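Visitor: I'd like to ask some things about the structure below.
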Amino acid sequence: MKHLFLGLALLTTVQATAQNVYTATYTAGDILSDMDFQTLPGTSICPASLTVPVPAGAFIDSARVTYSFFSSFAGFGSPTQQRSWIRCLTTGQDEAQMALVGAFVGTTANYSRPLNLANGVSTGPVEFQMHPGNTGLFGGNCSNYHYIVNNTWTITVFTSGSTDISAAPAADVKLWLDGADRLHAAGLSDAPATVRVLDALGRVLVERTIRPERGALDLSLPSGPAGVIVVLVDQEGSRLERRVARL
């Protein structure tokens, strides 16, 4: 069986903390709609960007977006014709579907939904991009008849972990893959350890809490394609992080 050892130079220790919250609100003016942006794939020609000040090293658990979308001419350019879509420029991920309005009052609708576009270990501030559209008959490209109201687009990011990252001695802990679907560790303490394995997009492949035996543990991974995976081991207030190519 081929053994794939993870690069020791990439091992880090992160002091764990309670969950933190980071938020940002767009204040640069109303975000106008592109009347030609009605379906995916596609983008608005008048998007807006919003950066959430997440520190490097924090583990992003989830995020939530809220905003208010206004449309003039209720019944002709009503909120039911609104379209909006969010990308994460930092990770390159985007929403699989355009958001459509649910309940609304008059010409304004309020939106609130979770975002899973940046989950995983943060590399620093996270930049999101809003793309508003509309299927109504009134208004042109970047129409001020239909827009996301200034000071209402907010993104809140929830993280765990800390930004206090320091190098750990390479000989302390060894992590390696046995083939492509078996993770081994040696050199841990015998205290309970929580192991999370993520793919290159930050999606959690497996998460388990295990008590090592004489500092060693092994964990089965779900089958998956070749690519880079991230292994996080939380134990006794510290986090070990390692990246490896899954062949």
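Visitor: State whether the residues of the stretch 71-85 include one that is modelled with pLDDT under 85, in contact with a strand residue (DSSP E or B) (Cβ under 6 Å, 6 or more places away or on another chain) and assigned to a strand (DSSP E or B).
Guide: Yes: one or more hits.
Visitor: Which residue pairs have Cβ atoms closer than 8 Å, lie 6 or more positions apart in sequence or on different chains, and pair a first residue in the stretch 109-122 that is more than 16 Å from Asp199 (Cβ to Cβ) with a second residue that is acidic (Asp, Glu) and not in a strand (DSSP E or B)?
Guide: From residues that are more than 16 Å from Asp199 (Cβ to Cβ), the pairs are Leu115/Glu95.
Visitor: May I pose another question? Going by the conditions given, is Thr154 β-branched (Val, Ile, Thr), in the same structural domain as Ser49 (by TED's automatic domain parsing) and under 14 Å from Gln38 (Cα atoms)? Spell out the reasoning first.
Guide: Numbers: β-branched (Val, Ile, Thr): yes; in the same structural domain as Ser49 (by TED's automatic domain parsing): yes; under 14 Å from Gln38 (Cα atoms): no.
The answer is no for Thr154.
Visitor: Find the residue count for the stretch 83-111, including only residues that are under 11 Å from the mean Cα position of the chain (by Cα) and on the phi > 0 side of the Ramachandran plot.
Guide: The qualifying residues number 1.
Visitor: Can you pull out the residues in the stretch 202-214 that are within 26 Å of Ala191 (Cβ to Cβ), surrounded by 14 or more Cβ atoms within 10 Å (Cβ to Cβ) and not aliphatic (A, V, I, L, M)?
Guide: The one that is within 26 Å of Ala191 (Cβ to Cβ), surrounded by 14 or more Cβ atoms within 10 Å (Cβ to Cβ) and not aliphatic (A, V, I, L, M): Pro212.
Visitor: If Glu213 passes every condition in (1) of a type in the set (Asp, Glu); (2) in contact with a strand residue (DSSP E or B) (Cβ under 9 Å, 6 or more places away or on another chain); (3) over 23 Å from Ser122 (Cβ atoms); (4) free of Cβ contacts under 8 Å to residues at least 40 places away in the same chain but one, which one does it miss?
Guide: Exception for Glu213: condition (2).
Visitor: So, one more: Among the residues of the stretch 86-105, write down those that are modelled with pLDDT of 90 or more, among the hydrophobic types (A, V, I, L, M, F, W, C) and either assigned to a strand (DSSP E or B) or within 28 Å of Arg242 (Cβ to Cβ) (or both).
Guide: Residues satisfying the conditions are Ile86, Cys88, Leu89, Ala99.
Visitor: Return the residues of the stretch 112-161 that are of a type in the set (Ser, Thr, Tyr) and over 19 Å from the mean Cα position of the chain (by Cα); say none if nothing qualifies.
Guide: Scanning the stretch 112-161 gives Thr135, Ser143, Tyr145, Tyr147, Thr152.
Visitor: With the condition kept exactly as written, say whether any residue in the stretch 209-217 is over 30 Å from Asp34 (Cα atoms), among the acidic types (Asp, Glu), modelled with pLDDT under 85 and outside any loop (DSSP other than H, G, I, E, B). Full working, then the answer.
Guide: Initial filter on the stretch 209-217 (over 30 Å from Asp34 (Cα atoms)): 209-217.
Among the residues that remain, those that are also among the acidic types (Asp, Glu) are: 213.
Still in the running and modelled with pLDDT under 85: none.
So far as the stretch 209-217 goes, no, none of its residues is over 30 Å from Asp34 (Cα atoms), among the acidic types (Asp, Glu), modelled with pLDDT under 85 and outside any loop (DSSP other than H, G, I, E, B).
The values are calculated or read from the model by the stated rules, or taken from the named source; none is laboratory data. Just so it is clear, the structure is predicted and the values come from calculations on it, not from any experiment. Heads up, the Cβs are rebuilt from the backbone with ideal geometry, glycines too, and the neighbour counts pull from every protein chain shown.
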